[in-house]
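This report refers to the structure that appears directly beneath it.
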Amino acid sequence: MLDGSQQALQAPVINMSKDVIVLIKAESVHLYCNPVNYSYLLPYVSHWRNLTIHCMNQTEYEDEEASEEFKISSFVSMVQDCSRIGVPYSTQGHIQTFDMFMIEKWPIIQAFALEGIGGGSFFTMKYKLMDISEKLWQTYTRLDPVSLDNLLTEDLVLFEKQWSSFFSSFDIESHLSILELSEAQAGE
């Protein structure tokens, strides 16, 4: 990930969703996901270099206790060689004051402290945490290849259909007629 000055972000980045955890390090990316979202995510991440995917198969995932233990152990494995971790704490339009002690209340972070499964200590004592929300927003505002593909293959096609439907309601068939259509006529 790059910040506004085009310098590499030094701390790994964690992005968590309900059953997706992405840890971006300087030299690698770790992705935890469940078998349900694996097939959805694979087309988007399969070309990433140095990607490690932590995912159970469907049969293993059905055992709820085993799947939770796997998620925790995957998370511990993902962060083990990190010292600083960037967390997207706020969403754009819903800014929150960064509170690293609130992060300790997240279930995956609480599980990190479990002996035998997790890291055995408080997450915030072992790692320096920082809010990277604004840096992520800057990145999100750029058009990524997947968004561009969706824009061209889905949104543009839908827009063209709506546009054609709009003009067909005026019984205008030729492009010359469309160009001759006044704003007042279109408003009617």
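Throughout, read-outs are computed from the coordinates displayed, never taken from laboratory work. In this text the structure is predicted, and so the values were computed from the model without any measurement.
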Checklist line | At 1.002 mPa s and 20 °C, Stokes D of the stretch 78-141 from Kirkwood alpha-carbon radius, µm² per second | finding: 168 µm²/s
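Quick one: work out the % antiparallel among DSSP beta bridges in the stretch 13-140, nearest 5. Intermediate results must be reported in sequence, preceding the final value.
Numbers: 11 of 20 bridges.
Counting DSSP beta bridges with both partners in the stretch 13-140, the antiparallel share is about 55 percent.
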